[in-house]
Amino acid sequence: MTYTRRSKDELAARVAQDIPEGATVNLGIGQPTWVANHIPASREVLLHSENGILGMGPAPAKGLEDYDLINAGKQPVTLLPGGAYFHHADSFAMMRGGHLDICVLGAFQVSATGDLANWHTGEPDAIPAVGGAMDLAIGAKQTWVMMDLLTKQGQSKLVQACSYPLTGIGCVKRVYTDLATLACTPQGLTVIDMVEGLSLQALSDLIGLPLSA
């Protein structure tokens, strides 16, 4: 069986493809920030950052960075016409108040029914840092996860039950990975799409869980 994993840009483009016109969206630290570069200019989407920005655009061109205008991951960003920046407390009020349509987060593990673990691995030398992830995971109308399907050790990050401390319970609706896009449901995982050349059985074997299509 021959298949090619999605690159980071291809994965970001796949997530951007599903963001609807008019949505207010938070992009989490790490891979999710790449999504901003793949939203078509013709589509009106309000991008939110938890440090207090609404109306972010794509990453600035090299040499045009303004380090007074950064996202929650301390990366320089651009501001679209009509965009605004504001106090951290106002930003969290947006997150907790149900004003975000979608948040896109990274994860260490996601359970088949949508439990999310993305802030601590339990390793002795790990620095736990939940940031605003709990607020986002529960406050947004939809929580999507964007991640590699497998760890560096080849273990699936999609699991029957999370072994790491939870960020939220039953909050993840979709998982976008380098091999497939899946929906988390009360009945388990449903495949939305897969990379070309990968079969449903091979994907199920990689994850170690039954899948429906």
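List every residue pair whose Cβ atoms sit under 9 Å apart, with the two residues 6 or more apart in sequence or on different chains, where the first one lies in the stretch 23-40 and is under 14 Å from PRO58 (Cβ atoms) and touching a residue at least 60 places away in the same chain (Cβ under 8 Å) and the second, anywhere, is of a type in the set (D, E, K, R) and crowded, with 18+ Cβ neighbours inside 10 Å.
Going by the 9 Å Cβ cut-off, the qualifying pairs are VAL25/ASP101.
Against the condition closer than 20 Å to LYS8 by Cβ and either β-branched (Val, Ile, Thr) or in a loop (DSSP other than H, G, I, E, B) (or both), how does GLY197 come out, does it pass?
Yes.
Do you know which of the residues in the stretch 166-186 that are at pLDDT 95 or above, of a type outside the set (Val, Ile, Thr) and over 11 Å from LEU116 (Cβ atoms) is surrounded by the fewest Cβ atoms within 10 Å (Cβ to Cβ)?
If we take residues in the stretch 166-186 being at pLDDT 95 or above, of a type outside the set (Val, Ile, Thr) and over 11 Å from LEU116 (Cβ atoms), then ALA183 is surrounded by the fewest Cβ atoms within 10 Å (Cβ to Cβ).
Taking into account only those residues within the stretch 55-64 that are assigned to a loop (DSSP other than H, G, I, E, B) and open to solvent by less than 40 Å² (accessible area, probe 1.4 Å), which is nearest to LEU105 (Cα to Cα)? Spell out the reasoning first.
Residues of the stretch 55-64 that are assigned to a loop (DSSP other than H, G, I, E, B), as a first pass: 57-64.
Still in the running and open to solvent by less than 40 Å² (accessible area, probe 1.4 Å): 57, 60.
Details: GLY57: 18, PRO60: 22 Å.
This residue is GLY57.
For the stretch 107-125, give me each residue that is surrounded by 18 or more Cβ atoms within 10 Å (Cβ to Cβ), of a type outside the set (D, E, K, R) and in contact with a strand residue (DSSP E or B) (Cβ under 9 Å, 6 or more places away or on another chain).
Filtering the stretch 107-125 for residues surrounded by 18 or more Cβ atoms within 10 Å (Cβ to Cβ) gives 107-112, 114-119.
Within this subset, residues satisfying the condition of being of a type outside the set (D, E, K, R) are 107-112, 114, 116-119.
Across the stretch 107-125, the qualifying residues are ALA107, PHE108, GLN109, VAL110, SER111, ALA112, GLY114, LEU116, ALA117, ASN118.
In the stretch 168-183, how many are in contact (Cβ under 8 Å) with a residue 60 or more places away in the chain, in a loop (DSSP other than H, G, I, E, B) and under 20 Å from LEU27 (Cβ atoms)? Let's see the steps before the verdict.
Going through the stretch 168-183, the residues in contact (Cβ under 8 Å) with a residue 60 or more places away in the chain turn out to be 172, 174-179, 181.
Keeping just the survivors that are in a loop (DSSP other than H, G, I, E, B) gives 177-179.
From the residues that got through so far, the ones that are under 20 Å from LEU27 (Cβ atoms) too are 177-178.
Total meeting the criteria: 2.
So how many residues does the stretch 114-125 have that are within 24 Å of TRP34 (Cβ to Cβ) and under 15 Å from the mean Cα position of the chain (by Cα)?
Residues in the stretch 114-125 being within 24 Å of TRP34 (Cβ to Cβ) and under 15 Å from the mean Cα position of the chain (by Cα): 5 in total.
Would you check if SER111 is over 14 Å from the mean Cα position of the chain (by Cα) and within 30 Å of SER212 (Cα to Cα)?
Details: over 14 Å from the mean Cα position of the chain (by Cα): yes; within 30 Å of SER212 (Cα to Cα): yes.
Here the answer is yes, as SER111 does meet what is asked.
Please find, within the stretch 59-108, the residue that is modelled with the lowest pLDDT out of those that are within 18 Å of the chain's Cα centre (by Cα) and among the basic types (Lys, Arg).
LYS74
Does LEU189 qualify as being part of a loop (DSSP other than H, G, I, E, B) and open to solvent by less than 30 Å² (accessible area, probe 1.4 Å)? Don't jump to the end; show me each part of the working.
On the way: part of a loop (DSSP other than H, G, I, E, B): no; open to solvent by less than 30 Å² (accessible area, probe 1.4 Å): yes.
So LEU189 fails the test.
Give me the residue from the stretch 132-143 that is aliphatic (A, V, I, L, M) and over 26 Å from ARG6 (Cβ atoms) and, out of that set, most open to solvent (accessible area, probe 1.4 Å). Give the steps one after another, and end with the answer.
First pass over the stretch 132-143, keeping only residues aliphatic (A, V, I, L, M): 133-134, 136-138, 140.
Subsequent filtering for residues that are over 26 Å from ARG6 (Cβ atoms) retains 134, 138.
On the way: MET134: 78, ILE138: 110 Å².
Checked the stretch 132-143; the qualifying residue most open to solvent (accessible area, probe 1.4 Å) is ILE138.
Can you pull out the residues in the stretch 144-165 that are part of a loop (DSSP other than H, G, I, E, B) and either buried (at least 18 other Cβ atoms within 10 Å of the Cβ) or in contact with a Ser or Thr (Cβ under 7 Å, 6 or more places away or on another chain) (or both)?
Correct list: MET147, ASP148, LEU149, LYS157, GLN160, ALA161, CYS162, TYR164.
Tally time: how many residues in the stretch 1-54 are within 17 Å of VAL195 (Cα to Cα), open to solvent by 50 Å² or more (accessible area, probe 1.4 Å) and assigned to a loop (DSSP other than H, G, I, E, B)? Step through it out loud before you land on a result.
Taking the stretch 1-54 as the starting set, the residues that turn out to be within 17 Å of VAL195 (Cα to Cα) are 1-18.
After this cut, where a residue has to be open to solvent by 50 Å² or more (accessible area, probe 1.4 Å) as well, the list is 1-5, 7-10, 17.
Next, from what is left, pick out any that are assigned to a loop (DSSP other than H, G, I, E, B): 1-5, 7.
Residues in the stretch 1-54 being within 17 Å of VAL195 (Cα to Cα), open to solvent by 50 Å² or more (accessible area, probe 1.4 Å) and assigned to a loop (DSSP other than H, G, I, E, B): 6 in total.
If the requirement is being aliphatic (A, V, I, L, M), free of Cβ contacts under 8 Å to residues at least 12 places away in the same chain, open to solvent by 30 Å² or more (accessible area, probe 1.4 Å) and not in a helix (DSSP H, G or I), which of these qualifies: ALA93, ALA89, ALA84, ALA129?
Values: ALA93 fails: not in a helix (DSSP H, G or I); ALA89 fails: not in a helix (DSSP H, G or I); ALA84 fails: free of Cβ contacts under 8 Å to residues at least 12 places away in the same chain.
On inspection, the qualifying residue turns out to be ALA129.
The values are calculated or read from the model by the stated rules, or taken from the named source; none is laboratory data. This is a predicted model, so every value here is computed, not measured. Heads up, the Cβs are rebuilt from the backbone with ideal geometry, glycines too, and the neighbour counts pull from every protein chain shown. For accessibility, only protein heavy atoms count, side chains too; no ligands or nucleic acids. Shrake-Rupley method; radii C 1.70, N 1.55, O 1.52, S 1.80 Å.
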